[in-house]
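The values are calculated or read from the model by the stated rules, or taken from the named source; none is laboratory data. All values reported here derive from a predicted model rather than from experimental measurement. Please note: Cβ atoms are built from the backbone with ideal geometry, for glycine as well, and neighbour counts cover all protein chains shown. Keep in mind that these areas ignore ligands, DNA and RNA; they rest on the heavy atoms of the full protein, side chains included. Shrake-Rupley method; radii C 1.70, N 1.55, O 1.52, S 1.80 Å.
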Amino acid sequence: MSITPLMPVYPRCGFRPVRGDHCHLIGEDGRRYLDFAAGIAVNILGHSHDGLIKAIQRQTETLMHVSNLYGSPQGERLAQRLVDLTFADTVFFTNSGAEAMECAIKTARAYHQHVGNDHKFELITFNNAFHGRTMATISASSQEKMHKGFMPLLPGFKYVPFDDLEAAKAAVGPNTAGFMVEPVQGEGGIRPASEAFMEGLRALCDQHDLMLVLDEVQCGVARSGTFYAYEQYGIEPDILATAKGIGGGFPLGACLATEKAARGMVIGAHGSTYGGNPLAMAAGEAVLDAVANDEFLAEVRAKSDRLRSRLEQFIGNYPELFELVRGKGLMLGVKMKFEARGFVGHLRDNHQLLTVAAGDNTLRLVPPLVIDDSHIDEFFDKLSAGAASFEPPEVPQ
Ligand SMILES: *Cc1c(COP(=O)(O)O)cnc(C)c1O
């Protein structure tokens with residue numbers, strides 16, 4: 001047999017973390033790595049946050065899991081907090097981002113089909129989006145590399161260029177149920193949508209009675225410098241999917257919706273065995289305790305400004321490697337002159353700095369939101385050394 005016990009769908013590298021220490025990871029060989037990847041924007045409180053650890057420990061000893069057939073004081077509490085913090089009136093808890101997106105897609109379709117508009121099933125999505133790896137969420141993405149081998153796709157998605165309001169407008173037809181968009185594309189290359197685009201989508205939704213579905217799985221939960229990124233666009237969605245940061249490392253996601261948008265989500269319409277169990281709710285509450293306040297959010301913005309302005313200065317030293325910096329909050333991308341994967345590997349293996357590659361030649365920086373100036377200094381020490389010692393690949397002109 002040559003297949004590995006872990007199904008070989010990931011190109012796993014040689015670094016094998018066994019322990020976390022605040023904003024560092026320690027490998028099997030004892031070496032320390034500065035973690036500006038944070039489990040891909042997940043560990044927003046770092047790896048040893050006292051409040052999160054204690055909350056999970058306490059809840060484990062009290063009650064881990066019960067059925068959603070029972071009343072849930074834990075779920076009601078976290079849902080109420082999310083309702084108070086956002087546009088939403090109601091919340092469905094999931095265990096992952098893709099599941100939160102599945103619920104969002106079902107909610108958007110059900111909004112129309114609940115009142116007999118069965119032909120309104122099509123969601124307009126955007127090129128290079130990433131919404132997850134289930135059949136519906138790969139179908140929602142234009143990226144063919146995720147489709148290969150898994151045909152046929154789920155019908156009902158139409159792709160248009162990102163941040164192109166005219167294209168979005170032209171795509172609206174009799175079957176349109178709504179738009180589904182990441183306010184800041186993550187996997188696609190840390191690309192923030194423009195204000196005019198987001199405002200325009202909102203206006204089109206209002207005009208045609210469509211659902212505006214936001215995928216804030218990566219950019220949500222304080223990552224962008226506000227609790228959710230939509231706040232920075234002066235608009236509100238009808239439906240929003242959140243995950244990654246919201247559990248701080250514990251598997252947790254949620255689909256948030258207004259009362260109007262959730263009109264089709266009636267008894268029996270949806271479900272999840274684990275979704276919203278008391279252990280997940282305890283983790284979610286501990287994360288909100290830490291991040292859902294003005295002081296923490298202002299800190300994220302201040303750290304973002306410091307990291308970003310230093311990055312912008314820094315890349316000027318290496319015009320042959322770097323092109324520009326983009327993103328929001330502590331979700332920053334450095335567009336490189338070539339595929340970023342090689343540089344990410346070089347930083348990891350030779351300088352013990354963890355980052356993530358993203359689409360469009362982007363070096364993605366999504367550190368824990370609790371980094372301080374010492375981590376930013378350490379980051380630039382490693383990045384400088386890494387840039388100085390890197391041999392750029394031959395790029396065809
Ligand atoms: C990671 C991600 C998802 C999928 O989340 P999973 O927890 O991996 O299912 C969906 N949308 C966006 C924008 C993401 O970054």
The chain, relative contact order [Cα under 8 Å, separation at least 6], %
22 percent
State in Å² the accessible area per residue of the chain; use a 1.4 Å probe, count heavy atoms of protein chains only, and round to the nearest integer.
45 Å²
Please figure out what share of the DSSP beta bridges in the chain is antiparallel and state it in percent, rounded to the nearest 5.
65 percent
Taking Cα atoms only, helix 373-388 is inclined relative to the longest principal axis of the chain by an angle, in degrees rounded to 10, of 70 degrees
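Just to make sure I understand: if all protein chains stay in place, what is the order of Ser2, Ser139 by accessible area at 1.4 Å, largest first? Show your work: numbers first, answer last.
Values: Ser2 115, Ser139 0 Å².
Largest to smallest exposure gives the sequence Ser2, Ser139.
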Of all GluC sites (Glu not before Pro) in segment 236-345, which ones are in loop regions per DSSP and have a Cβ with at most 14 other Cβ atoms within 10 Å?
Glu259, Glu320
For the chain, Cys with no neighbouring Cys Cβ under 4.7 Å
Cys13, Cys23, Cys205, Cys219
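When the dipole is taken about the Cα centre of segment 50-291, and only Lys, Arg (+1) and Asp, Glu (-1) are charged at their Cβ, what size is it in debye, to the nearest 20? Write out the running numbers ahead of the final one.
Working: 18 positive and 27 negative charges, 121 e Å.
That gives a dipole near 580 debye.
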If each part is reduced to its alpha-carbon centroid, segment 97-172 and segment 249-285 end up apart, in Å, by 20 Å
Pulled fully out, how much extra length does the chain show between Tyr70 and Val266, if you take 0.36 nm times their separation in residues and subtract their Cα-Cα distance?
68.9 nm
Quick check: at a probe of 1.4 Å, how many percent of the accessible area of segment 50-291 sits on carbon and sulfur atoms?
53 percent
What are the ³J(HN,Hα) couplings of segment 136-150, residue after residue, when phi is run through the Karplus curve with 6.51, -1.76, 1.60 and θ = phi - 60°? Round to Hz, x for glycine and proline.
5, 6, 6, 5, 6, 9, 6, 6, 5, 4, 8, 8, 4, x, 10
Could you tell me the center-to-center distance, by alpha carbons, between segment 298-343 and segment 352-397 in angstrom?
8 Å
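In square nanometres and to one decimal, what's the mean projected area of the convex hull around the Cα atoms of segment 244-397?
On the way: hull surface 51.7 nm².
Average projection, Cα convex hull of segment 244-397: 12.9 nm².
Give the Rg/Rh ratio for segment 50-291, taking Rg as the radius of gyration of the Cα atoms and Rh as the Kirkwood radius, to two decimals. Before the final figure, lay out each step's value.
Working: Rg = 17.4 Å, Rh = 18.1 Å.
My calculation of the ratio gives 0.96.
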